[in-house]
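K.L.:
What follows is a single structure, and I will ask about it in a moment.
The values are calculated or read from the model by the stated rules, or taken from the named source; none is laboratory data. Since we're looking at a predicted model, the values are computed, not measured. Positions of Cβ are generated from backbone atoms using ideal geometry, with glycine treated the same way; all protein chains shown enter the neighbour counts. Accessible surface is based on the protein model in full, side chains and every heavy atom, while ligands, DNA and RNA are left aside. Shrake-Rupley method; radii C 1.70, N 1.55, O 1.52, S 1.80 Å.
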Amino acid sequence: MINLREALKVYFIMGTANCMKDPIEVLKEAIAGGITFFQFREKGKEALIGEEKYALAKKLQSQCKEHRIPFIVNDDIELAIRLNADGVHIGQEDEPAETVRRQIGDSKILGVSVHTPEEAEGALSAGADYFGIGPVFPTKTKADAKPSRGTALIEELRSQGIAVPIVGIGGITSENAATVVEAGADGVSVITAISLADSPLLAAKALRKSVGERGNHE
Ligand SMILES: Cc1ncsc1CCOP(=O)(O)O
Ligand SMILES: C=C1C=NC(C)=NC1=N
């Protein structure tokens, strides 16, 4: 099993809706820039479905495999199982985490979005391997995102002694990423900071640097 806390440092999430360029090219550059974890999140009105979605996911998964980067699927459990993906990420509105854990088995990674201490409690008892907490900062990428709450919940969970791996998400860039990690997150999860960057490579590099800096605060 990988060291999830380490792997969650720079967690890139994307689907066709988040890219202007070819998603395969965007992921190639993001990997070259140093992302450490990838989630295929195909959502929105023009989202691919069926065999087209599967074919793109397979190509993105093979790029991740080549560079030993965990490949996670958002929401679509069936696709994750068909691909033998490294895991899935689910929200509170999806199937209950207990059900998903049973479907994917214990060796796969289960990520859960949480917005309150109660949701965190529930996710933990369901066997979540990491939490996605956000939106930390305002974001336009997820239309139905809840109001941004900064790092309050991350700090609250850490003060309660909850040690589970956590990534912050929502409006994160290389400018504000360090504050998310300083608040107690193990890493940051981004969509547009990388997917819409002129150079996804340089964007990933800058994020890696800003997250890695926590170690240099000695
Ligand atoms: C999927 C998701 N969940 C909470 S905010 C968000 C969107 C994050 O996108 P961006 O990194 O572009 O703000
Ligand atoms: C909504 C989300 C929250 N967090 C993560 C890591 N992924 C998501 N899709």
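K.L.:
Could you pull out every residue, at least 5 positions away or on a different chain, whose amide H is within less than 5 Å of the one on residue 37? Hs are placed 1.01 Å off N in the peptide plane, and Pro or chain starts have none.
P.N.:
10, 12
K.L.:
For residue 63 and residue 45, compute 0.36 nm times the residue count separating them, minus their Cα-Cα distance, and round to one decimal in nm.
P.N.:
Numbers: separation 18, 0.36 × 18 = 6.48 nm, distance 2.59 nm.
So the chain would gain 3.9 nm between residue 63 and residue 45.
K.L.:
Any chance you could look up the accessible area of residue 199 with a 1.4 Å probe, heavy atoms only, rounded to 10 Å²?
P.N.:
30 Å²
K.L.:
Please work out how many pairs of lysine residues in region 20-176 are eight or more positions apart (or on different chains) and have Cα atoms closer than 13 angstrom. Please report the intermediate quantities before stating the final value.
P.N.:
On the way: 28/59; 28/65; 43/53; 43/142; 45/142.
Counting lysine pairs in region 20-176 gives 5.
K.L.:
Charges at C-beta only: +1 for Lys and Arg, -1 for Asp and Glu. How large is the resulting dipole of the chain about its Cα centre, in Debye rounded to 20?
P.N.:
Using Cβ point charges on Lys, Arg, Asp and Glu, the chain gives about 520 debye.
K.L.:
Output the relative contact order of the chain, whole-number percent, from Cα pairs under 8 angstrom with separation of 6+ residues. Don't jump to the answer; show the numbers that get you there.
P.N.:
Numbers: 407 pairs, mean separation 52.4, N = 218.
RCO, the chain: 24 percent.
K.L.:
Same structure, new question: Can you compute the helix-only [θ] at 222 nm over the chain? Use -39500 (n - 2.57) per DSSP H run of at least 4 residues, normalise by all residues, nearest 500 deg cm²/dmol. Please report the intermediate quantities before stating the final value.
P.N.:
Details: 10 runs with 87 residues, N = 218.
It comes out at -11000 deg cm²/dmol, rounded to the nearest 500.
K.L.:
Could you tell me which of 189, 173, 74 has its Cα farthest along the dipole of region 70-218 towards the positive end, charges placed at Cβ (Lys, Arg +1; Asp, Glu -1), taken about the Cα centre?
P.N.:
Of 189, 173, 74, it is 173.
K.L.:
Work out from phi, with θ = phi - 60° and the Karplus expression 6.51 cos²θ - 1.76 cosθ + 1.60, the ³J(HN,Hα) of each residue of region 40-57, listed in order in whole Hz, and give x for Gly and Pro.
P.N.:
8, 10, 9, 9, x, 5, 9, 4, 5, 9, x, 5, 5, 5, 4, 4, 5, 4
K.L.:
Follow-up. Can you run phi through the Karplus equation (6.51, -1.76, 1.60; θ = phi - 60°) for region 66-75 and list ³J(HN,Hα) in whole Hz, with x for Gly and Pro?
P.N.:
Karplus-based 3J(HN,Hα) across region 66-75 equals 3, 10, 6, 10, x, 10, 10, 10, 7, 6 Hz.
K.L.:
Something else: Between residue 98 and residue 25, how many nm apart are label points set 7 Å from Cα along the C-beta direction?
P.N.:
Computed distance between label sites residue 98 and residue 25 equals 4.8 nm.
K.L.:
Same structure again: How long are the semi-axes of the equivalent ellipsoid of the chain, defined as square roots of 5 times the Cα gyration tensor eigenvalues? Whole Å, largest first.
P.N.:
On the way: eigenvalues 109, 93, 52 Å².
Semi-axes from the Cα gyration tensor: 23, 22, 16 Å.
K.L.:
Moving on to the next point. Would you mind calculating the gained length between residue 182 and residue 198 on full extension (0.36 nm times residue separation, minus the Cα-Cα distance), in nm to one decimal? If you can, show how the numbers build up before the last one.
P.N.:
Values: separation 16, 0.36 × 16 = 5.76 nm, distance 2.76 nm.
This chain segment gains 3.0 nm when fully extended.
K.L.:
Given Cβ point charges of +1 (Lys, Arg) and -1 (Asp, Glu) and nothing else, what value in debye, to the nearest 20, does the dipole of region 1-93 about its Cα centre take?
P.N.:
Values: 13 positive and 14 negative charges, 52 e Å.
Dipole about the Cα centre, nearest 20: 240 debye.
K.L.:
Return the long-range amide H neighbours of residue 166 (sequence gap of 5 or more, or a different chain), with a cut-off of under 5 Å between placed amide H atoms.
P.N.:
Excluding prolines and chain starts, which carry no amide H, the hits are 131, 186, 187.
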